[in-house]
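Before any comments, here is the structure.
The values are calculated or read from the model by the stated rules, or taken from the named source; none is laboratory data. Just so we're clear, the structure is a prediction, and the values are computed from it rather than from any experiment. As a convention, Cβ positions derive from the backbone with ideal geometry for all residues, glycine included, and neighbour counts pool all protein chains shown. Please note that ligands, DNA and RNA were not included when accessible areas were found on the heavy atoms of the full protein model with its side chains. Shrake-Rupley method; radii C 1.70, N 1.55, O 1.52, S 1.80 Å.
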Amino acid sequence: MTTPHFCDRCGSCGKSFGRTEPRTIFNNKTYHQNCLKCAKCRSPLTGNFYPTLEGFTCEQCHKRISTRCKRCGNSIDAGIRYKLYKGQEYHPECFCCWSCNTQITEGEQFFELRGYPQCIKCHDEGKQEFSDYKAVQVHQCAKCQKPIEKTQTFSYYEEKPYHNECFTCNRCGLSLVDKPCVRLGSAIVCPSCN
């Protein structure tokens, strides 16, 4: 960490600092405290924050957009190996046949059933239905309170799952999937309605 000079300019807005103005140093760049903001929700960064392609994200937004297993819905922590199939990430133990729940191991051949992996045995037996797989964590949409079926897409906000069609701004109805949003009292709203 370097000691800032009074002629330093903010790494975000490019403006200089006042003599007594507080500043934050990150990666050898100096920022006004109000200029270092989350790229998703635009709130000032305090505590832990994470670098992204867009800038930085706060811990809450980082958890919301972190990689989640397609099967169980739980997050896949950084540094953990995972399987990637059709653009979806899976814990290795969750990459299973969707007809019989048998784990499909590295290098093992499998078929596809409506976009999901199916083991050779189930394929050869002609099984066309998904098993009654129960995820480790039972998913219930935090908005509509209905179950989230394993073939439905869903989003997380503040560690709660939402059907993608339910994850909307409480004021204007804009979809919040992969978009910045903030909590305003008990409501979740887009930046325009904040």
**OP:** Quick one: dipole size for the chain, taken about the Cα centre, charges +1 on Lys/Arg Cβ and -1 on Asp/Glu Cβ, in debye to the nearest 20.
**Re:** 880
Original post:
So, in nm, how far is label E125 from label F26 when the simple model puts each one 7 Å beyond its Cα toward the Cβ?
Top reply: 5.2
Subject >> Shape parameters for segment 23-65, alpha-carbon atoms, Rg then Dmax in Å >> reply: 9.7, 28
**OP:** Take the cross-link list K40/K70; K37/K143; K143/K179; K86/K160 and give me the ones stretching past 21 Å between alpha-carbons.
**Re:** K40/K70; K37/K143; K86/K160
Original post:
Ignoring any ligand, DNA or RNA, what whole percent of the accessible area of the chain comes from carbon and sulfur when the probe is 1.4 angstrom?
Top reply: 49
Original post:
Among (1) 0.96; (2) 1.34; (3) 1.10, which is the computed Cα Rg over 2.2 N^0.38 Å?
Top reply: (2)
Original post:
Tell me, what is the per residue accessible area of the chain in Å², probe radius 1.4 Å?
Top reply: 62
**OP:** Show the residues, 5+ positions off or on another chain, whose built amide H is closer than 5 Å to the amide H of I188.
**Re:** N170
Original post:
What full-extension length gain, to one decimal in nm, is calculated for T105 and R42 as 0.36 nm per residue of separation minus the Cα-Cα distance?
Top reply: 18.5 nm
